[in-house]
Structures are given as structure tokens and as C-alpha cells.
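Remarks on the structure that follows.
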Amino acid sequence: MRKVLTLALLAFLAYNAQAQDKDKESENKNKPVFTVIKENPITSVKDQNRSGTCWDYSTLSFFESEILKKTGKTYDLCESFVANKTYMDRAIQVVRLHGDCQFAQGGSAEDPLYCLKHYGICPEDAMPFPGSLYGDSLNNFNEFFSLLEPYVAAISKSTAKKISGQWKVGLQGILDAYLGKCPETFTYEGKTYTPQTFAASLGLDFNDYVSITSYSHHPFYTAFAVEVQDNWRNPLSYNVPIEDLQRIFDYAVEQGYTVAWGGDVSEDGFTRKGLAYAIDTKKTEQSMQGSDMARWLKLSTAKKRDIIDSLGCTVPEIIPTQEMRQERFDNWELTDDHGMHLYGIAKDQNGKEYYMVKNSWGESGDYKGIWYMTKTFCVANCMDFLINKNAIPKDIRKKLGL
């Protein structure tokens, strides 16, 4: 009996060893293994959930890092406060223009900056937790905007010769019901503040922040309002050549600064696992020749993701050019569909460098809410970004007159 048990145990161990060998063989050798080059402090990862408020979360995260750098203090600034103020301002503009502009959930980095300058801010716990007022655990704007959008449309498209100001009272009621009422005063760490005095206490000069972009339909080293609908406040962005984009990102991180990045993540190369590559589809197609797969453009999204995952850090990437950026902007390929917070640089086992970027989708993906975007992806897909002007190389600042 003992001999039988011994043989069985040996057989089990041999089988288990074979299974482990097969598992090792099946492991994707192309999966990136990252080494951090420079990482600047950030606050905790948040979750915007079912709301179009990436612009809000990413930009406040950026300012939280700015405060950390300047004062060493950690804050959790309130996204609901910014959303409440911003949606009212946006509705007022839509009504003034008789509905000839867009009212939507999206926005730009300018909106939190404008709010900080003109209305102030409060800490997260000075307002109801996102979603709590309507029985959800996080933001869910489905019901909220199904009320808000037709309300604004009804006023802005009214055929009346004169409207009263009461529509603002009604709209404010909807905003307060779903986001919470913005406090006039609150207590933080034993001291009473208004939103304005709290913003002033954070130690930042809000005039230090500028927006940067890169397009050839306006002169370089001048400023213009980027022509996208969510840029509805029409702030000016400084226009630099494409080669300056990566220089600014690299210099900022090296100097201990971070970046509020806005751009396009609808590309196939932006995976839900926490990676982003600017895929060269032609070279990727060539790597598929001889297989039984269809050409790249005919593949389903799921199969494309499988290929991207299998290629990993060896995926062929484009070399972005100024002409390419302009063409993609003009033909609607390059959009401003997401805002994220760029804060570090890492490299993979092949030496390719990536920007470390904090997302606002909770601790999702393989890196618990952090995305690794190749430098190529970041430059190719950036619409514009907010940055401290002191984080820009001196020669570029001189050309911009900053």
C-alpha cells in the first residue's frame, strides 16, 4: 500500500511539474516588465464610474500633485463641487447662444482651473459622496443627464420673446439634487473656510497654469482656442511643434512636475489592461501574414486586442509627424475623449520608454488604475494638456513669451 501511495505521489508531482512547465511556456514573454525611471507623487486613484467627468477627476488629481509638490500636504479635492459650478456655467452659455452649441457631460482642464479661480473649491467630504444622494455607490449620470439635457434644451430653444431667470433656479435644484449643494462655509482640520478662502490656502498661484497643443493650422508659438466642442470656455492654448511635446513631458517629469493630459484613447492600441501603444497597422498586418487571420482592419475588436496583448512590448508603432497629427485632427480621428494625469516615466525590458498615467476608472487594469502609455502614443494622441509654466523648458517658454 505504501509503495502504491509513493508511486501515486511521484506521478502527481511529475504531472504538476509538467503543468507548471506548460504554464511557463504559455506565459506571454512579450508582456512588458517595467522599471521606473522617475515617478512623481500622486494622490489615490479615484473612480468616475458612469459619468463623463474625466476632465474633472484628472485635472483635480493634477492640482493635488501640484499642492503635494509645493507644500507636501495631501488633499482630496471635490469633483462634485467643480461639476456643479461647471454645468451651470455651461448651461448659461448654451441659453445665451439660443442652443447653438453643445451641452454635455464632457469638459476640459480649463473647467476645474476656472472653478478654482472664480468659485474656489472644497474638500471631498464637504459634499455628499458621489452617487449617495440617489442610492448609488458612485457617480451614475444616466438619470441625472436625462433630466438635465432636455431641461437646458427647452430653455435654450424656446420661442419666447423673453425668458425669466427662474430657469436657473430650477436647474440649480437638479444639480443640487444629484451632485449635492455646494457649501458656502465648511470646517476643515478645525478651521472654517469658504470655498474661495480654502482655494487660497492651498498655496498655488492659479496664474501659473497654461495649456499646450500642437497643430499646423495656426502659427507655432502663438495661442489659439482648440476647436473642439468640450473646449466650450474657449481658453487659449499655446501652439508648439510636435517635437516640443515630448520635450515638455520629459522635462516636466524630470523637474518633479506632472501633466493634466487630454487626448484620444479610442484607438485600438489603448488597452483595458493598462497599456497604450500607437500601433503601426501596416507593420502589424505584415506580422500576421501566413496565418489564417483576416487583415487587421477586418478583425473584430476582441481579436485585435488579443494580437496587441500577444505582441505586447514588441508591437510595431508609428512615428508620429506634424502632418499626421493635423490630418487626424481634421478628419475627426483624433478626438478629445479622455483626460488623464501623467506623472512618471518607466521603461520596459527592451528599453522602450512609457509615461506613467493615472486614470479615473478605479483600480482597473493590470496596474490598479495606472496606465503605461508609450511616449509615441502620448505624443500622437494628445489633443492638449495643462501644465505649470515652470515645468516647460526655458527655451520653449521664451519662444512662447512665458
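The values are calculated or read from the model by the stated rules, or taken from the named source; none is laboratory data. Quick caveat, the model's predicted, so the values are computed rather than measured. Here the Cβ is made from the backbone with ideal geometry for all residues, glycine too, and neighbour counts use every protein chain on show. Accessible surface areas use protein heavy atoms only, side chains included; no ligands, DNA or RNA. Shrake-Rupley method; radii C 1.70, N 1.55, O 1.52, S 1.80 Å.
Checked against the criterion of being open to solvent by 70 Å² or more (accessible area, probe 1.4 Å) and at pLDDT 95 or above, segment 83-96 has at least one qualifying residue.
With respect to (1) at pLDDT 80 or above; (2) part of a helix (DSSP H, G or I), the lone exception for residue 262 is condition (2).
Taking first residues from segment 160-177 that are among the β-branched types (Val, Ile, Thr) and partners that are at pLDDT 95 or above and surrounded by 11 or more Cβ atoms within 10 Å (Cβ to Cβ), the Cβ contacts under 6 Å between residues at least 6 apart in sequence or on separate chains come to 174/147; 174/148.
Among the criteria (1) within 21 Å of the chain's Cα centre (by Cα); (2) modelled with pLDDT under 95; (3) under 21 Å from residue 213 (Cα atoms), the one residue 338 does not fulfil is (2). For the residues 368, 398, the requirement of being without any contact (Cβ under 8 Å) to a residue 24 or more places away in the chain and either assigned to a helix (DSSP H, G or I) or not small (Gly, Ala, Ser) (or both) singles out 398. Residue selection: residue 115 satisfies the criterion of being open to solvent by less than 50 Å² (accessible area, probe 1.4 Å), in contact (Cβ under 8 Å) with a residue 24 or more places away in the chain and either in contact with a Ser or Thr (Cβ under 8 Å, 6 or more places away or on another chain) or in a helix (DSSP H, G or I) (or both). If you filter segment 126-159 down to residues that are within 24 Å of residue 197 (Cα to Cα) and touching a residue at least 40 places away in the same chain (Cβ under 8 Å), you find that the one that is surrounded by the most Cβ atoms within 10 Å (Cβ to Cβ) is 130. Residues that are more than 19 Å from the chain's Cα centre (by Cα) and either open to solvent by less than 30 Å² (accessible area, probe 1.4 Å) or over 20 Å from residue 86 (Cα atoms) (or both) within segment 226-257 comprise 238, 239, 240, 241, 242, 243, 244, 247, 251, 254, 255, 256, listed in sequence order. Looking only at segment 42-55, decide whether some residue is at pLDDT 95 or above and in a helix (DSSP H, G or I). Looking through segment 42-55, at least one residue is at pLDDT 95 or above and in a helix (DSSP H, G or I).
For every residue, the table says whether it meets (1) out of contact with any Asp or Glu (no Cβ under 8 Å at 6 or more places or on another chain); (2) open to solvent by less than 30 Å² (accessible area, probe 1.4 Å); (3) among the polar types (S, T, N, Q).
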| position | (1), (2), (3) |
| --- | --- |
| 312 | yes, yes, no |
| 322 | yes, yes, yes |
| 329 | yes, yes, no |
| 334 | no, yes, no |
| 344 | no, yes, no |
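All of 198, 186 fail the test of being in contact with a Phe, Trp or Tyr (Cβ under 7 Å, 6 or more places away or on another chain), farther than 29 Å from residue 329 by Cα and open to solvent by less than 10 Å² (accessible area, probe 1.4 Å), apart from 198. Taken over segment 121-135, the criterion of being of a type in the set (A, V, I, L, M) and either over 21 Å from the mean Cα position of the chain (by Cα) or outside any loop (DSSP other than H, G, I, E, B) (or both) is satisfied by 126, 127, 133.
Remark: pairs (first residue in segment 28-42, over 16 Å from residue 68 (Cα atoms) and open to solvent by 80 Å² or more (accessible area, probe 1.4 Å); second residue modelled with pLDDT under 95 and outside any loop (DSSP other than H, G, I, E, B); Cβ separation under 7 Å; 6+ apart in sequence or on different chains) = 31/312.
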